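The values are calculated or read from the model by the stated rules, or taken from the named source; none is laboratory data. Note that this is a predicted model, so its numbers are computed, not measured. Note: ideal-geometry Cβ built from the backbone for every residue, glycine included; neighbour counts use all protein chains shown. These area figures cover heavy atoms from the full protein model, side chains too; ligands, DNA and RNA do not enter into them. Shrake-Rupley method; radii C 1.70, N 1.55, O 1.52, S 1.80 Å.
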Amino acid sequence: MREAPARSVDLRSGRAKADPSPMKTTWYCPLELSTVVEEQDDGVIYTVVVKQQHGAPTSPPQSTSSRFLPCVKAGTEEKLVLHLLHSFSMGDSSFITIFLSTYRSFTSTGRVLDILTDRLENPPGGNEGSRMRQSFNRAVCTVFSTWLSEYPEDFKSLEEPSRLLRLVPLLPQDSSSAADLSARILRIAEALSEKALLPDAHHTGPTGPPPDASKFEPTSVLGFPAALIAEQLTRLETELFVRLVPYHCLGSLWSQRDKKGREGVCWSVRATIRQFNKLANAVLASCLWPTGLRSQQRARLLEKWISVAEECRARKNFSSLYAIVSALQSNPIHRLRKTWQDTDREAVRRYEELSEIFSDKDNYSQSRELLKEEGTAKFANLDSRPNNKLLNRTNAQGTVPYLGIFLTDLTMLDTAVKDRLDNGYINFDKRRREFEVLAQIRLLQSSCKNCVFTTDEAFARWYQSVPLLTEAESYRLSNEIEAPGEPSPRGVPPTVIITQCPNLSTSRNSLTGDSDSLFDFPSPVNNLLSKLTKHMKSPSVSCLDVDTSSSTNDSTPAALTPSTPTKSHRRSISCGNNPPNNIQGSGPEMRIIRIRMDLQDGNLYRSILVTSNDKSPTVISSALEKHNQDPKQTSRYELIQLLPEGKELVIPATGNVFYAMSSSSVDFLLRRKGGIAPPGSQPINTETSATFPRIKAKGRRLVRTLF
């Protein structure tokens, strides 16, 4: 193969330009020449693939047949919105779907409607001809029909109907489908004007009084068949997963959850997390609450939940499976030496096999491989599973994934890939990568939509009666069962809520795959991670935002505990087991921190990737860019770490942020120099070098994601 110059393409006419100005080099074979060029055209940068069929490399361009495949790489906000109306005619058929799935990362529903409405007020006509007007009308109907069908909540969430009332008269009326589209939008506008749309019930947390602990019968769970419990848990998880809004998982939206007035953001993700924690709490409460049981009796409870986990695996309910395994791995249960010794050996073996599914080795490769194999399959791939009457093999089963894998991927993408190019254009290639992850979620959702379940009222009553255990209560009950001081016998590490990625350099070989397969999960985030390994060794990457609260007693084990109504003590689903601490000297480390600006519009955090080589100016510049501020103003800001109890740690202007920061928090603040710090702030001791590693505290620390 030989190298050939790229040919520049006129995107409007579809012909090669006479005076090419290539931006990339490409390769060709004797039978086909594929040329990739980047063309900027009126506020949009296109990546264009030109495929030319010819007989020999020396054939003149005039003797070849060419096909032009443009794809938007970046653009201004206005031009990206307007491209919705031109994408089909230009061959970029996936643009509408990708844009509608991800546009909330860089603009708003109201802004998109305003731009489209302005264009509708000046439609093609006159010299442009009737055929172009008809094509334009079809594009308008396609865009709004797709938008209204897939994301009706966007229209219903508008604060007032004025935008819709302005839009409706401008929509085409030349067909019955177009008239129906106008009628649908008009009904939404009328409902908004009459304030008839009630707030979505899913946006609120659980209501009603807490369960009465005195009425809770923990051992009653033994009376339910494991298959029945798994079926009921799968029913709950499937209902939540089908209602999940995929774009709620985007890292840029998830980071807004702490902003004042944005408590309802990503409600569908929060609902999934509440169910995960509710189930984990039920496992803990049923195993720990009856403190008077003998170890042999308590072992039957462990065996019951292991059997339930197996049944969840058979139903491809990976969310409930991981919730149960995580609870059994938590310290209050993990440390019960006598109970585990009395647990059936075969049950323990099966439990350890189930735990391996969620190993963080090679970036959760086993979990991803299972989703790839079984994601759209009718049944789970189990060779030696006994027959069970409650598992109906005549009906296809949906797949409920562990959502933490997708949240991790999307958070890494949002953190590691720039939102905008150097010229200020919105990086739409980033949105395409995010859409690859969202498409995996949507395909799994489609497998669950036809699942039919019946509710078992007896189990539902028991499940709702489980009291909420705090971390301290769980550990206290565990100590009442078995006094502290004796080693734990289990080989599975008792880590539950972890957000660190594995060693990237050792998993480089697993980060490649077939890009044609939608369920080849190493794409796209693993391709990104493989590129990072070129610059670092054995990084320890915190994948998600983490809780600012931490235990002051290193010897106190941490347990998985469910969400509490209080605002200061939240818990979440986990992202895998905790990898071992990095060996100093093996290469630069990484961590994701959260930074907000000292503004008056709330506490909007943005995630920033920090390596052990980054000094304060580099981190401040990245944070300013993330907050859409001028990175050139770096010298005017100082970086402050927000510590527990309202204290602050001022990072030196030339300090190494990774080593200067305290391990007690990952929340930071950008404050203009000369600003007034609140009482309790403590500046770092600048006499101590910030370039040397901190001495790590004894014991394993669990990093918790902040949900």
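Assorted remarks:
- Any hit, the stretch 107-114, residues being more than 24 Å from Cys71 (Cα to Cα) and surrounded by fewer than 18 Cβ atoms within 10 Å (Cβ to Cβ): yes
- Counted residues, the stretch 97-150 - those being of a type in the set (Ser, Thr, Tyr) and not in a helix (DSSP H, G or I): 2
- The stretch 577-614, residues that are at pLDDT 80 or above, more than 27 Å from Tyr322 (Cβ to Cβ) and out of contact with any helix residue (DSSP H, G or I) (no Cβ under 7 Å at 6 or more places or on another chain): Arg596, Met597, Asn613
- Enumeration of residues in the stretch 388-436 that are of a type in the set (Lys, Arg) and modelled with pLDDT of 90 or more: Lys418, Arg420, Lys430, Arg431, Arg432, Arg433
- Residues satisfying the stated conditions in the stretch 75-86, i.e. open to solvent by less than 10 Å² (accessible area, probe 1.4 Å) and out of contact with any strand residue (DSSP E or B) (no Cβ under 8 Å at 6 or more places or on another chain): Val81, Leu84
- Within the stretch 329-347, tally of residues that are out of contact with any Cys (no Cβ under 6 Å at 6 or more places or on another chain), touching a residue at least 60 places away in the same chain (Cβ under 8 Å) and not hydroxyl-bearing (Ser, Thr, Tyr): 10
- Per the conditions (1) modelled with pLDDT of 80 or more; (2) out of contact with any Lys or Arg (no Cβ under 9 Å at 6 or more places or on another chain); (3) over 20 Å from Val417 (Cα atoms); (4) part of a loop (DSSP other than H, G, I, E, B), the sole criterion not satisfied by Arg671 is (4).
- Screening Ala690, Ala697 for residues that are assigned to a loop (DSSP other than H, G, I, E, B), modelled with pLDDT under 85, touching an Asp or Glu at 6+ places or on another chain (Cβ under 6 Å) and not hydroxyl-bearing (Ser, Thr, Tyr) leaves exactly one candidate, Ala697.
- Residues satisfying the stated conditions in the stretch 634-656, i.e. part of a helix (DSSP H, G or I) and modelled with pLDDT of 90 or more: Thr634, Ser635, Arg636
- Residue identified as buried (at least 19 other Cβ atoms within 10 Å of the Cβ) and in contact with a helix residue (DSSP H, G or I) (Cβ under 9 Å, 6 or more places away or on another chain) among Asp419, Asp409, Asp456: Asp409
- Boolean, Cys249 is more than 27 Å from the chain's Cα centre (by Cα) and crowded, with 22+ Cβ neighbours inside 10 Å: no
- Helices (runs of 4 or more DSSP H) wholly inside the stretch 219-318 that include at least 2 residues being under 30 Å from Ile426 (Cα atoms): 251-254, 267-288
- So Arg476, is it more than 32 Å from the chain's Cα centre (by Cα) and either at pLDDT 95 or above or assigned to a helix (DSSP H, G or I) (or both): yes
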